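No lab work stands behind these numbers, since they all come straight from the coordinates. Quick caveat: nothing in here was measured; it's all calculated off a predicted structure. Backbone-built Cβ (ideal geometry, glycine too); neighbour counts: all protein chains shown.
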Number of protein chains: 2
Amino acid sequence: MAITIKEIARLAGVSVTTVSQILNQKGGRFSEATKQRVLTVIKEQNYSPNYFASNIIAKKSKTIGVIVPDFSEQFASAIVREIKRHLEEQGYYLIICESDHEFEKEQVLLEQLAKIAVEGIILFTPNLYDQDQRIRKGRYQEIPVVFADRGLNEGYYGTVKIDEFSGVYRALEWLIEEGHRRIGLLMDDAEHYHLAERFDAYRQALQDHQLIIEETHIKQMPLTIEGGYQGATELLRETEVSAIFCCDDMLAIGCYQAVFDSGRVLDQEITVVGFDGGEVTQIVRPKIRSVRQPYKELGNAYADKIRMAIQQPDRQMDDRLFHVSFDPE
Amino acid sequence: MAITIKEIARLAGVSVTTVSQILNQKGGRFSEATKQRVLTVIKEQNYSPNYFASNIIAKKSKTIGVIVPDFSEQFASAIVREIKRHLEEQGYYLIICESDHEFEKEQVLLEQLAKIAVEGIILFTPNLYDQDQRIRKGRYQEIPVVFADRGLNEGYYGTVKIDEFSGVYRALEWLIEEGHRRIGLLMDDAEHYHLAERFDAYRQALQDHQLIIEETHIKQMPLTIEGGYQGATELLRETEVSAIFCCDDMLAIGCYQAVFDSGRVLDQEITVVGFDGGEVTQIVRPKIRSVRQPYKELGNAYADKIRMAIQQPDRQMDDRLFHVSFDPE
DNA sequence: CTGAAAGCGCTTACAG
DNA sequence: CTGAAAGCGCTTACAG
């Protein structure tokens, strides 16, 4: 059994009130001698107040819940890392949960997090909450919820949007400058995410440069390495593309594997560009050029929002817009 | 303000005792009618007991702390994933913290986790705790601590050891069978980890096959991609090795990059073998053959230990031994 | 400068 | 079958 405030008070020869006040920096009125005596006993006994007892009064758990679709997905992981750094500096604990992309699991997790009284929730989700009354005011059972969904849902605390268009457009422009005329596209199959903006940028870039958009150059695939492998294999077999733009780094990795297996030389016979700019693109050789997400900025934005939402749950916040970037080096 | 048990009692026309008992499956003695009435009100109001108030009595947070040296290190991540799966099934929450390999940060985190009353702590650490009185009995301030350190520290709840020797030996044997006579070694520089067992297996395997151990074939490097790159670059420049055994997958990745930059063809001119068998080895092409850690088994072992330690903090447990494996396909 | 007392939301003997 | 009361460990008006 851990030691209690009562015991500390007894040992220091004061009342529990005194101990409590001194412990919580509200002891200005006590004599220096008393303060020292109490602090010494606290130190000696290595006492710290019972977390639950304090919280029942303070109603603060200093804990924030984060729901991500998949721990191994690098987009969310990279952002969560930033969020974590940011929020832990402020003395918050993070509980990170995995939803497997499923709306139902998100509900269960929201419920659980509410039960353990997290102070706020950051929800990475591919799902639409537009109709959800419970979450309409940015709250799930009184707890502020901030969406980290690239602007899919209109959050009460302002939407965080990412301009993907300009970065993708820039990447395509670069490929065209490099002399590529037949550029394949590996895009999502709209299973979880709809990466329409990236598709639009691809089309617009080709069009602006008088290139014809060939249906056969476009493959819709699950956003996985296997998806990329299969899509690229088909492109290599059926078309004459000399470059492939992948709407996701995992697709690009699969693409690399397919090019390798086809015996072609990367960057010489086939150039691959990815999207997200994750670590993995820097690990393989040759490095994958990839449109980079503003991870740091996004992490800060979400962390800021949840912090402000906790402090002022009724205050609405501005929308924020961030940009991806493309740098072929 | 969330609704309280008092309010539920009022709405159901019963006492708080009744509500509490029914809520905690101790309501056998109440009439079916009462039970239904109470449960209905609870449901209607979407009531759940205040987490802190319950815990102050139950003294259970259902939370477990996990300390890892580095979130992006794949060895610990892969195991934590298993631990998480296992423990969340049992209704525990995990709080995962990062120590940056530092003993001092571990101390701060242990302190913090104790303060928020986690029920147990799993400590991934490269540091020695042998002398640490506070943790001698497997506890830090009453909280059970299980070491996840490959058997470095002698834990109160039994040591989890990994036999690395046989797997590394097998890998070297395979290289020799493949005809390699000059095999380089990239090993740790003993900064955080001392991978002596892997080194021993390398030496023993060469010796058993009448191969001379050349000092120039062995490079000590930090366990990073950069370390692997630099070590391999030196080996390729200074020696005639046709294979390189890397004591860590990150070294192997760096190795791959160095071979690529040197213009040599992987698996034809240089064969690289790694250690850990992480995902990354399956992403690059050609795939990296790598000695595989028993992630699943390790995760289960740590999860089991902490669960039992929580339930029976004074019971000592058996040591456990797991094996790495090597399968060149 | 200090402390007795009420109260946070809950659970659990105990009495009827 | 049911509830009044004590108590968990703490904080916070309030009185002196």
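For the reader, a short list of remarks on this structure follows.
- The gain in end-to-end length when the residue B:90 to residue B:311 segment is fully stretched comes to 78.3 nm, 0.36 nm per residue minus the alpha carbon separation.
- Cα centroid of region B:156-202 to Cα centroid of region A:91-166, whole Å: 45
- If you take all other residues with their beta carbon under 12 Å from the beta carbon of residue A:139, and give Lys and Arg +1 and Asp and Glu -1, the sum is -1.
- Each other copy holds its own label point for residue A:212; taking that point as 7 Å from Cα along Cα to Cβ, the gaps run 6.7 nm, nearest first.
- Using a 7 Å Cα-to-Cβ projection, residue B:70 label spacings across copies, nm, ascending: 2.5
- Shielding of A:39-52 by partner chains, average beta-carbon count, 10 Å: 3
- When each of A:296/B:62; B:26/B:62; B:26/B:115; A:59/B:105; A:161/A:305 is checked by Cα-Cα distance, pairs over 25 Å: A:296/B:62; B:26/B:115; A:59/B:105
- Sites residue A:72 and residue B:7 - FRET efficiency at Förster radius 41 Å, r taken between beta-carbons, to 0.05: 0.40
- Label-point separation in nm, residue B:203 to residue A:81, each point 7 Å along Cα→Cβ: 3.6
- Max mean-square fluctuation residue, GNM over chain B, Cα-Cα springs under 10 Å, options B:276, B:248, B:314: B:314
- Amide hydrogen proximity for residue A:139: with H placed 1.01 Å from N in the peptide plane, the residues at 5 or more positions away or on another chain lying under 5 Å are A:145.
- Near the amide H of residue B:320, within less than 5 Å, lie the amide hydrogens of B:159, B:160, B:161, all on another chain or at least 5 residues away, with H placed in the peptide plane.
- Label distances, nm, residue A:189 versus same residue in remaining copies, Cβ-directed 7 Å point: 4.7
- Extension reserve of the residue B:40-residue B:237 stretch, reckoned as 0.36 nm per residue once the Cα distance is removed: 63.2 nm
- Across peptide B:109-116, the mean count of Cβ atoms from other chains lying within 10 Å of each residue's own Cβ comes to 3.
- Chain A versus the axis that turns it onto chain B: the residue with the nearest Cβ and the distance in whole Å amount to A:52, 2.
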